[in-house]
Amino acid sequence: MASTETTTVKDGGSVEAGLDALEFTATGRPSLRQTFVSKIFPPLVAIAVVLVVWAILTPIVDDPTKLPSLGSVGAEFKDAWLKGDLIGYVWTSVSRGLLGFFFALLIGTPLGLLVARVKFVRAAIGPILSGLQSLPSVAWVPPAVIWLGLNNSMMYTVILLGAVPSIANGLVSGVDQVPPLFLRAGRTMGATGLQGIWHVTLPAALPGYVAGLKQGWAFSWRSLMAAEIIASFPDLGVGLGQLLENARTNSDMAGVFEAIILILFVGIAIDLLIFSPLERWVLRSRGLLVKS
């Protein structure tokens, strides 16, 4: 007669306990040391390596018009900070970029759902969206200036034309990856029409949608920088793109590097503060976030 007792292993545990250990992971918060070693220390090492290489190359190049020294770039930052201009440069561009991205989100999300769910619309404009996504954002600046003039509306138009295709295509990709079983289960439970989209389709398509949002922000930021560089105008204020163009016009390589560093910093900061936490939340809610 087979025993009904739980089968044990050599260390005194049970098979069920071993399976539970495989299924569940520790949920405790990592220590400050673990966070520093895994999240903070590697980027600091990378930055230190870049600065060391920069410091080594400066005397080798020996031409400040091609490669400025770390001190001269630092002096540019210090001067802009003391004049109170540094925050203004960043805020001018960030406020435009985030507002333009918000408008792109409002347009790209319903457009993506329409393309994903209506076969005729997908056949009609799906290839156009893919083509627009591959079109360089800078190509939209000249027609936007002709249509709207040198104003903020032109800037937002360029952002929309750059970001909407990426957001829409990301959502289409996410919807295409939703298992048909989910949709059938939703219809069985009465989730049809807008309710099905809100309660079934969008939650199931979130990973692809979030990927589209990240790419859409990247296109928004690049589009804005292209517009500020090409269509600079005093009444528009000085954003990071115009700061870069002004430095180029004045052959101020230290100012050029200052603008490049600020543009890179803003792009990384937005990703770390908004999109990376959003992506981790989506993965964690689906049990896909693997903790080492």
Exactly one condition in (1) part of a helix (DSSP H, G or I); (2) surrounded by fewer than 13 Cβ atoms within 10 Å (Cβ to Cβ); (3) modelled with pLDDT under 90 is not met by Ile56; state its number.
(3)
Candidate set: the stretch 245-289, residues that are among the charged types (D, E, K, R) and assigned to a helix (DSSP H, G or I); chosen: the one modelled with the lowest pLDDT:
Arg284
The stretch 242-255, residues that are out of contact with any Ser or Thr (no Cβ under 7 Å at 6 or more places or on another chain) and surrounded by 21 or more Cβ atoms within 10 Å (Cβ to Cβ)
Leu243, Leu244, Gly255
Pairs under 7 Å by beta carbon, first residue surrounded by fewer than 18 Cβ atoms within 10 Å (Cβ to Cβ) in the stretch 140-164, partner of a type in the set (Ser, Thr, Tyr) and part of a helix (DSSP H, G or I), six or more apart or different chains?
Leu148/Thr157
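Could you say whether any residue in the stretch 100-112 is touching a residue at least 24 places away in the same chain (Cβ under 8 Å), aliphatic (A, V, I, L, M) and more than 16 Å from Ser220 (Cα to Cα)?
yes
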In this structure, is Gln242 modelled with pLDDT of 85 or more, farther than 23 Å from Ser130 by Cβ and out of contact with any strand residue (DSSP E or B) (no Cβ under 9 Å at 6 or more places or on another chain)?
yes
Among the residues in the stretch 77-93, are any assigned to a loop (DSSP other than H, G, I, E, B) and without any contact (Cβ under 8 Å) to a residue 60 or more places away in the chain?
yes
Scan the stretch 223-239 for residues that are surrounded by fewer than 19 Cβ atoms within 10 Å (Cβ to Cβ) and either modelled with pLDDT of 90 or more or touching a Ser or Thr at 6+ places or on another chain (Cβ under 6 Å) (or both) and jot them down.
Gly237
Is at least one residue of the stretch 265-285 on the phi > 0 side of the Ramachandran plot and out of contact with any strand residue (DSSP E or B) (no Cβ under 7 Å at 6 or more places or on another chain)?
no
Checked Pro64, Pro68 against criteria (assigned to a loop (DSSP other than H, G, I, E, B), modelled with pLDDT of 90 or more, more than 27 Å from the chain's Cα centre (by Cα) and not polar (S, T, N, Q)); the one match is Pro68
Test Leu244 against the stated conditions and say whether it is aliphatic (A, V, I, L, M) and over 17 Å from Thr92 (Cα atoms).
no
Collect the residues in the stretch 111-122 that are exposed (fewer than 12 other Cβ atoms within 10 Å of the Cβ) and at pLDDT 90 or above, keeping them in residue-number order.
Phe120
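The values are calculated or read from the model by the stated rules, or taken from the named source; none is laboratory data. Here the structure is a predicted model, which means the values were calculated and not measured. Neighbour counts are summed over all protein chains in view; Cβ atoms, including those assigned to glycine, are modelled from backbone coordinates with ideal geometry.
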